[in-house]
Structure formats: C-alpha cells, structure tokens
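Derivation of every value follows stated rules applied to the coordinates shown; laboratory data play no part. Since this is a predicted model, take the numbers as computed values, not measurements. We place every Cβ from the backbone using ideal geometry, glycine too, and count neighbours over all the protein chains shown.
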C-alpha cells in the first residue's frame, strides 16, 4: 500500500504502591521528549494533507505534553 503511513510505539510502564515520592528521571524524560519531537518532524515531512496531519499529530503532541510535564517534575538524573 503506497499511500499508508505505518507506525508503532511503545512506552515504559511501572506500578506504584503506597505514597512514596515518585522517581522521575530527568534524562529519561528528556530522551522521550526529544524522541517525540523527532517523530513530529518526520511526520510533518511525510504527511502533506493538512487534515490527515492534524489527525496524526494530535496524539504525538499529547505525548510531547506528557513528557514535557515529566521533565518539569523530574527529581533525579
């Protein structure tokens, strides 16, 4: 299919128990923020239809907001 855009992504997951302070790695949050920004740039280069671009980017922009928030909350390197 020459006119499809295929993409897959994963994310780290963990479980928190109790009320201990959350460990948020600055380095990891920065890695994922940079990675999402790189994906956004590649998508903008590849998708030319404005409606399709907005539809695809809304998920990536949400992910970028999430990781930027984690970067602000970072309390460890």
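Please compute the modelled spin-label separation between residue 59 and residue 9, points set 7 Å along Cα→Cβ, answer in nm with one decimal.
0.8 nm
I'd like the FRET efficiency for residue 17 and residue 69, computed as 1/(1 + (r/R0)^6) with the beta carbon distance as r and R0 of 35 Å, rounded to 0.05.
Numbers: r = 22 Å, r/R0 = 0.64.
That pair, residue 17 with residue 69, gives E of 0.95.
Counting other beta carbons within 10 Å of each residue's own, what order do 32, 5 fall into, fewest first? Don't skip to the end; give the middle numbers.
Values: 32 19, 5 10.
By the 10 Å Cβ count, ascending, the order reads 5, 32.
Mind listing P(r) for the chain? All alpha-carbon pairs, 5 Å bins, whole percents.
Going from the shortest bin to the longest, the percentages are 3, 13, 21, 21, 15, 11, 8, 5, 3, 1, 0.
Pop a pseudo-label 7 angstrom from the Cα along the beta-carbon direction at both residue 48 and residue 24 and give the gap in nm to one decimal.
Placing both labels 7 Å beyond Cα along the Cβ direction yields 4.1 nm.
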